[in-house]
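The values are calculated or read from the model by the stated rules, or taken from the named source; none is laboratory data. Computed from a predicted model, the values in this text were never measured in an experiment. So basically every Cβ, Gly included, is an ideal-geometry build from the backbone, and we count neighbours across all protein chains shown.
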Amino acid sequence: MRTWSKKRIAASVLLALAALVVLLNWTWGRLPSEPERTGRMVQVGDTQVRVLESSRVRPGAPVVLIHGLPGTAQDFEDVVPLLDDRRTIAYDRPGFGWSSGGYHRFSEQLTTLHTLLARLGAERPVLVGHSYGGTVALAYAARYPDDVRGVVLVDAAAGGQNSSAVERGQARLIQFLSWPVVQPLADLTFSQLLRTASAKQGDAAAFDPDDVDERHEQRLLATNMRHEDLDAFAGEVLESEGVVGDLNRRLPTIATPAVVIQGVDDQLVEPERGREIAARLPNARLVMVSGGHMPTYLHPTRVAAAVRELLSRAGEPVPARERARAAMR
């Protein structure tokens, strides 16, 4: 009788815990509604790409902003206003935000970007890539060297950076939870809770030791925790080791002028990776900044200054007001 009583108690406890998880799934863990889309959609082959673009009539080379893994075009919301005399083009990489969802292979990402820029008439831009977006920018410069004026690499995932076993395991779990039979049940019981906790933990690590930017966290929860974005995230994580390994071998051959910005306290991309990239690229300068993985929020003026440095190297004059801004920094 005592054994039967203990089993009943254990079952009751498990049921109570399960009920608590479901309750938290629909309260604290409930994901926010998807925000209203901004920008415009551009059809590139079979892929729709969401673009946030400033005026197309501004003179000089355009600046193309490439977000990381995951992310959206709005991840550069503090950088774009500092380039208000330039044509800026930020886009949701295929798989993320409002661009066509699901996993898109890395080589396809490069082809899509090349076609998109041709479609937009954006000739020889400066590319700004954050995190895995820096990987995209570097690989694009390697594939299309004559089409790039310069690259700004912000805590770029290269220079020997590999995904960890934990990250690959997380990617496999995401893929499992996306199975048609599993997904509805998981969403109903615990998936929202898991995604919310994971997103908050990830953003805390990205911004550490500084406070998380609430705008970024809200967008991460509302947009990047959708299943299509998560499918793209998982696919890219599992592909990234091969992509980064191949790119690392090619670093000495990428002669495009570059500025490498690296946070000294970055927990997601080891600071040594930034130093390695800058040392092995033939025409790069390293800028170490305080804080973690998010200089686009913590040091937007440094990112904008790097863009202007590359434009100046290419022979474009720096406006007087920008020289004054630089003198004040």
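How many residues, within segment 246-286, are in a loop (DSSP other than H, G, I, E, B) and of a type in the set (D, E, K, R)?
Going through segment 246-286, the residues in a loop (DSSP other than H, G, I, E, B) turn out to be 254-257, 264-270, 281-283.
Now narrow it down to the ones that are of a type in the set (D, E, K, R): 265-266, 270.
Result for segment 246-286: 3.
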Exercise. List the pairs whose first member sits in segment 285-314 and is among the acidic types (Asp, Glu), whose second member is part of a helix (DSSP H, G or I) and at pLDDT 95 or above, and whose Cβ atoms are under 8 Å apart, counting only residues at least 6 apart or on separate chains?
Worked result: none
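Among what's in segment 166-212 and is touching an Asp or Glu at 6+ places or on another chain (Cβ under 6 Å) and part of a loop (DSSP other than H, G, I, E, B), pick the residue that is farthest from Gly291 (Cα to Cα).
Within segment 166-212, the first condition is being touching an Asp or Glu at 6+ places or on another chain (Cβ under 6 Å), and the residues that meet it are 178, 203, 209, 212.
Adding the requirement that they be part of a loop (DSSP other than H, G, I, E, B) leaves 178, 209, 212.
On the way: Ser178: 35, Pro209: 6, Val212: 12 Å.
My answer is Ser178.
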Exercise. Taking into account only those residues within segment 37-81 that are surrounded by 15 or more Cβ atoms within 10 Å (Cβ to Cβ) and of a type in the set (S, T, N, Q), which is modelled with the lowest pLDDT?
Worked result: Ser54
Exercise. In this structure, does Thr112 turn out to be touching a residue at least 60 places away in the same chain (Cβ under 8 Å), crowded, with 19+ Cβ neighbours inside 10 Å and polar (S, T, N, Q)?
Worked result: yes
Problem set entry | Failed criterion for Leu238 (all others in (1) surrounded by 19 or more Cβ atoms within 10 Å (Cβ to Cβ); (2) within 30 Å of Gln192 (Cβ to Cβ); (3) of a type in the set (A, V, I, L, M, F, W, C) hold) | (1)
For this session: Determine which single condition Ala324 fails, assuming it passes every other condition in (1) modelled with pLDDT of 95 or more; (2) more than 17 Å from Gly133 (Cα to Cα); (3) not aromatic (Phe, Trp, Tyr).
Result: (1)
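Could you grab me the full set of residues in segment 213-226 that are part of a helix (DSSP H, G or I) and either touching a residue at least 60 places away in the same chain (Cβ under 8 Å) or of a type in the set (Ser, Thr, Tyr) (or both)? Walk me through how you get there before you give the answer.
Taking segment 213-226 and keeping what is part of a helix (DSSP H, G or I), we get 214-224.
The answer is Arg215, His216, Gln218, Arg219, Leu220, Leu221, Ala222, Thr223, Asn224.
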